[in-house]
1. Please name whichever of I164, Y223, I142 sits farthest to the positive end of the charge dipole of segment 112-263, dipole taken about the Cα centre and charges placed at Cβ: Lys and Arg +1, Asp and Glu -1.
2. From the residues N121, Q154, S385, which one has its Cα farthest along the dipole of the chain in the positive direction, the dipole being from +1 and -1 charges on Cβ of Lys/Arg and Asp/Glu about the Cα centre?
3. Which whole-angstrom value gives the distance between the alpha carbon centres of segment 317-378 and segment 7-75?
4. In a GNM of the chain with a 10 Å cut-off on Cα contacts, which of D250, D298, D92 has the highest mean-square fluctuation?
5. Once phi is turned into ³J(HN,Hα) by the Karplus curve 6.51 cos²θ - 1.76 cosθ + 1.60 with θ = phi - 60°, what whole-Hz value does each residue of segment 97-111 show in order, with x for glycine and proline?
6. When Lys and Arg each count +1 and Asp and Glu each count -1, what net charge do the other residues less than 11 Å away from P69, Cβ to Cβ, add up to?
7. Decide, for the chain, between rounded, prolate and oblate: order the square roots of the alpha carbon gyration tensor eigenvalues as a ≥ b ≥ c, take rounded if a/c falls under 1.5, and otherwise choose prolate if a/b is larger than b/c, else oblate.
8. So what is the relative contact order of segment 206-362, in percent, for Cα pairs below 8 Å that sit 6 or more residues apart?
Amino acid sequence: MNKKRLAIIGATGSIGRAALDICRTFPEIFKVMALAVKSNLKGLKKLEEEFHPELLVVFDKSAASSYIPFYEDVKVLAGQEGLMQLVQEELDHIAFASSGTEAIFALAAALKKGIEVSLANKESLIVGGPWIMKMTSFPDQIRPIDSEHSAIWQCLLGEERNEIEEIILTASGGPFLHSSYEEMKNTSPKNALKHPTWSMGAKITVDSATLLNKGFEIIEACYLFSMPLEKVKAIIQPTSLIHGCVRFCDGSTKLLLSKPDMRIPISFALSYPKRLKMGPAFYHPRITKCDLDFLEIDESKFPCYTLARKALQMGNAYPPIVVGADEIAVEAFLTGKISIVDISPLLEKTLLSYNGPSDINSLEEAISLVDFGRREARKLCRLFSERR
Ligand code: NDP
Ligand code: MG
């Protein structure tokens, strides 16, 4: 059997490392051909030494210029051009596991070229969903990695779209599920980074604590599965064993249950339509031992969740603004400049400061609105931090 020739963008991150763990476990199935990172040279060096890919991309140009490859035959490229060149290599599959919006053009190019893609990066869908989805050249070209979207995707395999009544994503509720507003207001970044069920990068962990992440996932689900907002909701499932549910018109509901380990949805995205034999360490506890309680989301306590939904309702110009503003707000929280409860008003004020068209027509305009969101949020962060 020919090995699947794989590239991983965001190789040193939480998802990238988990994807590489799958490659490490199944070397007879995957050959790592290319890796891309932003600037973590030390991490990249270790991966180069272990996987010996042919191409490396270091997005940050100054970092790239100081990288000395471990192997002589390895090509090192930099910047946006580097990512675009990676897509043009002879590959069977690209995993988009970087954070931020920078890989969005590489994603667009990969889709147009007709390569299978597994997608963890949520920013590209939230910002560019309306255009990105139209660039796909065959069904299931985009294989979602995010556990909730993977669950919905798996529940929908073999089903008719017009028979879906409702898509339900689950949320763990994060570290503040049972905290009061006052406790949240005074919480430290360290506490917000203690996620009860998942181990993830810092940005998404904070987004999970405010539940903005769940609002973002609703937007992604609407785009990925071509569903109207009113048919997509989220509920809390504190043990993160059920990842998503689909309710159908005949009264049946499918649910997907697995251990909260990102390597499970990643393995399915990389190996679809086959499943990999992951082994007993990945099996969930016996069903009788699984706590499968569900709760409604308290929107008064988690206003970021509602705000993300509202942004999509207001028009396709608004989600990119939230993405840009949230990047700045989370950074300000992590560096002690604002409280976690400031994130929602800060995002809302950023949205209100926009007076352009509600609906835009191109990916380029969407990207420029991310920048608008960042700029406005920076100004607001200064005001919020002066008030502390
Ligand atoms: P991390 O912060 O752990 O890692 C980010 C990775 O992306 C790093 O390897 C970083 O490189 C790389 N990177 C950033 N910008 C670029 C760029 N322009 N070009 C190439 N590489 C780049 O993030 P996560 O792994 O947690 O998340 C990645 C994405 O997946 C996010 O969009 C997140 O929302 C989504 N996601 C994550 C989940 C999780 O469990 N972690 C679950 C579902 C979705 P460097 O190390 O050099 O900075
Ligand atoms: Mg998720």
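1. The listed residue farthest towards the positive side: I142.
2. Going by the Cα projections, it comes out as S385.
3. 31
4. Sorting by GNM fluctuation, first place goes to D250.
5. In residue order, the calculated couplings are 10, 7, 8, x, 9, 5, 8, 5, 6, 5, 4, 4, 5, 5, 5 Hz.
6. Cβ neighbours under 11 Å give a net charge of -3.
7. Cα axes put the chain in the rounded bin.
8. Details: 151 pairs, mean separation 40.2, N = 157.
Normalised by residue count, the contact order of segment 206-362 is 26 percent.
The values are calculated or read from the model by the stated rules, or taken from the named source; none is laboratory data. It should be emphasised that the depicted structure is a prediction, and the values quoted were computed from it without experimental measurement. As a convention, Cβ positions derive from the backbone with ideal geometry for all residues, glycine included, and neighbour counts pool all protein chains shown. SASA here: full protein model, heavy atoms, side chains in, ligands and nucleic acids out. Shrake-Rupley method; radii C 1.70, N 1.55, O 1.52, S 1.80 Å.
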